[in-house]
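Each remark here refers to the structure printed beneath this line.
Values in this text are rule-based calculations from the coordinates and carry no lab data. None of these values were measured; they are calculated from a predicted model. All Cβ positions, even for glycine, are placed from backbone atoms using ideal geometry, and neighbour counts span all protein chains on display.
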Amino acid sequence: MTDRFHPTRKGLLAAALAAAACAGTLTAQPRRPQLESPTVLADGRIQFRVAAPDAQTLRLQAPWAGSDLEFERGEAGTWSLTVGPVPPAIYSYTLLLDGVRVLDPHNTAVKRWLGGNASLVEVPAPEPVPYDLRDVPHGSLHVHYYASEAGGANRRLLVYTPPGYYDEADRHYPVLYLLHGSGDDETAWMEVGKANLILDNLIASGAAEPMLVVMPNGHPVPWAARRRGIGSDNTQRFRDDLVQGAMPLVESLYRAKSGPAQTAVAGLSMGGGQSLYCAATGLDRFSWVGAFSAAAPAPESDAAQGLLADPERANASLDLLWIAIGRDDFLLDRNEAFEAALVKAGIDHTYRVTAGGHSWPVWRGYLAEFVPLLFRAAGKP
């Protein structure tokens, strides 16, 4: 076998290592225990274990588990805690290590959130659910960067192409623009919401039309700036970026059908409010609208009046206006007020109040309900 290293270089390297060892700069570092955490048990309980031999206190922070829960310290500084059982769903959590909020060091599943990242754990359902990874044909995910005059910066979006997209070169597809919440970015619907798997499964079963799904970034005004009260026009600037930047880009790169009857917009929380605003200011662009746990506009606002002021036009333009929210959601009152205004104005819509709060298990379910309604002849309720 030929040595891949030059003899002189080998000698220099050996000499350097020997000198470092003599100087004491190469010392054995203690290895942390290789722990599995979290572990989901068969009965729905979740076991957490953390190697933190120097810690004095360790707590679990998770709203779904109630108040902060104390870990128990074991041998060799390994801390453990078991909670539950809890219903099948995806859950976020953080640790409070000696008063400092940290991620689970043994868990690679992380929810990126602009207000502070969190670790994730998924409790699987015993029966099939819409977001399962199944043995069905799968679509593809693409990432695009583009310069946006309306957005004021270089922007990024994700595009889902359905199974078979590259097998039928002449086929064109309707488009769903799927919007994230205020603390998330354009990856959230894929990484946490599992939107691509939901679409794969619905399309495979024939429950949904094959479609493109575009996931843009909803923050043309940086989130931190808005927290300081700067850039309250984020919703308007997002709409401008979507219409002037993202939509032309998608239609230039993909076999996308155009026109309002072939275009849907939906989103959660902030994205739900943005979806309603896009509809109110773009009835000539979007005929299918979904608002999940939306930051719904006040009935007297310009955004709401874009729909409420001309009910006849709204009803003629919209194939579907679908609004859903959990009864434990902190935005319930805003949605109730907006829905009451729609009823008073006589605007056709679907309004659902379900179990749950402001969380991803709820939004996954809403997407699975909403998508099969899209681009069907009988869209109106």
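Please report the projected area of the range 253-305's Cα convex hull averaged over all directions, in nm².
Working: hull surface 15.7 nm².
For the Cα atoms of the range 253-305, the hull's average projected area reads 3.9 nm².
Across the range 265-374 the C-alpha pair distances fall into 5 Å bins from zero in the proportions 2, 14, 27, 28, 18, 9, 2, 0 percent. Counting only DSSP beta bridges with both residues in the chain, what percent are antiparallel, rounded to the nearest 5? If we restrict to bridges inside the chain, about 60 percent are antiparallel.
Placing unit charges on each Cβ (+1 for Lys and Arg, -1 for Asp and Glu) gives the chain a dipole about its Cα centre, and among L283, G259, L69 the Cα reaching farthest toward its positive end belongs to L69. When the Gaussian network model of the chain links Cα atoms closer than 10 Å, the mean-square fluctuations of W113, W363, W288 top out at W113. The helix-only estimate of mean residue ellipticity at 222 nm for the chain, built from DSSP H runs of length n ≥ 4 each weighted as -39500 (n - 2.57), is -7500 deg cm²/dmol after division by the residue total. GNM on the chain, C-alpha springs below 10 Å: top fluctuator among L276, L69, L321? Residue with maximal mean-square fluctuation among L276, L69, L321: L69. Cβ-to-Cβ counts within 10 Å put R239, R327, R352 in ascending order as R327, R352, R239, the fewest first. Under a model in which nothing but the beta-carbon of Lys, Arg (+1) and Asp, Glu (-1) is charged, the chain shows a dipole of about 1000 debye around its Cα centre.
Which residue, V50, V121, V86, has the most motion in a Gaussian network model of the chain that connects Cα atoms within less than 10 Å? Per the Cα network of the chain with a 10 Å cutoff, V86 tops the list. I need the shape label for the range 128-284. Rule: rounded when a/c is under 1.5, else prolate if a/b > b/c, else oblate, with a, b, c from the alpha carbon gyration tensor. It comes out prolate by the Cα gyration axes. Considering only F330, V221, A246, whose Cα is most displaced toward the positive end of the charge dipole of the range 140-373, charges sitting on Cβ of Lys, Arg (+1) and Asp, Glu (-1)? Value computed over the given set: V221.
Pairs of Lys residues in the chain are counted when their Cα atoms are under 30 angstrom apart and they lie 8 or more places apart or on different chains; the count is 5.
Between the listed residues H142, P87, A314, the Cα displaced farthest toward the positive end of the dipole of the chain, a dipole computed from Cβ unit charges relative to the Cα centre, is found at H142.
In this Cβ point-charge picture (+1 for Lys and Arg, -1 for Asp and Glu), the range 39-123 has a dipole of about 260 debye about its Cα centre. Relative intensity of the chain on a log10 scale, I(q)/I(0) at q = 0.08 Å⁻¹, equals -0.51, per a Debye sum over C-alpha point scatterers of equal strength in the absence of solvent. Taking the inverse of the mean reciprocal distance over all distinct Cα pairs, the Kirkwood hydrodynamic radius of the range 39-123 comes to 13.1 Å. Residues L318, L96, arranged from fewest to most other Cβ atoms within 10 angstrom of their Cβ, appear as L96, L318.
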